[in-house]
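Have a look at the structure below, then the notes.
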Amino acid sequence: MNLYELLSNLEENDDLHEARLLLLLRAFSGKDGTDAVDGLTKLAKLDFLLRYPTYLERALAKRPKAKPTDAAVKDHERKSVESTMVRFKYGPWDHRYRRFLNLLVGKGLAKVTTEGRTIRIGLTPRGIEVADQIAASEVNEDMTARAKLLKRYFDLTATNLMKFIYDTFPEIGTLRLGTEISHEA
């Protein structure tokens, strides 16, 4: 198997995406697990920052009292093929969120409710348990810490978060579809 095939297989591994979303939802669920993320748009923007730590680092530089070094981006993350994104229809957000959420709901790990026109995405008690197990693994230490940073500095409304993202990273909205987006400032 060559490197391209290996990376492609990782990208297609739903378990990796589900684990990352569980860590993100756990950070936003509060100590008792009853809080939720308001909206798929907000979840996608938060996941963008979690998935691409070089962008989180740049975003932290724009937030009051935040330090970019808190993202603790490793050298291999700066140079990896995963740090480069491609512009999709709605920016660099993965178009598979509904699929990932349906998988998490189907496994009894997440719950999706509506309040008025807002979709609230939270964890079930089993989801909290699984997310805490994932977070306890040393392999997931950086991602867990970064998810907590997102809660601390980016728990904005979906609209304000979207405005912040496009103001901070104007390049992601102006490129043609399929164009590679550099993670460099």
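A few points about this structure:
- Restricting attention to segment 117-168 and to residues that are β-branched (Val, Ile, Thr) and not in a helix (DSSP H, G or I), the residue that is nearest to the chain's Cα centre (by Cα) turns out to be 121.
- Where residue 36 falls short, out of the listed (1) surrounded by fewer than 21 Cβ atoms within 10 Å (Cβ to Cβ); (2) at pLDDT 80 or above: (1)
- In segment 1-31, the residue that is modelled with the lowest pLDDT out of those that are farther than 20 Å from residue 43 by Cα and not in a helix (DSSP H, G or I) is 2.
- You will find that of 50, 43, the residue that is assigned to a helix (DSSP H, G or I), within 25 Å of residue 78 (Cβ to Cβ), of a type in the set (A, V, I, L, M) and modelled with pLDDT of 90 or more is 50 and no other.
- Test: residue in segment 68-82 that is within 11 Å of the chain's Cα centre (by Cα), surrounded by fewer than 18 Cβ atoms within 10 Å (Cβ to Cβ) and at pLDDT below 90: no
- Residue match in segment 90-103 (condition: in contact with a Leu (Cβ under 9 Å, 6 or more places away or on another chain), under 30 Å from residue 64 (Cβ atoms), in a helix (DSSP H, G or I) and aliphatic (A, V, I, L, M)): no
The values are calculated or read from the model by the stated rules, or taken from the named source; none is laboratory data. Predicted, not measured: the structure shown is a model, and the values here were computed from it. Neighbour counts run over all protein chains shown; Cβ positions are idealised from the backbone, glycine included.
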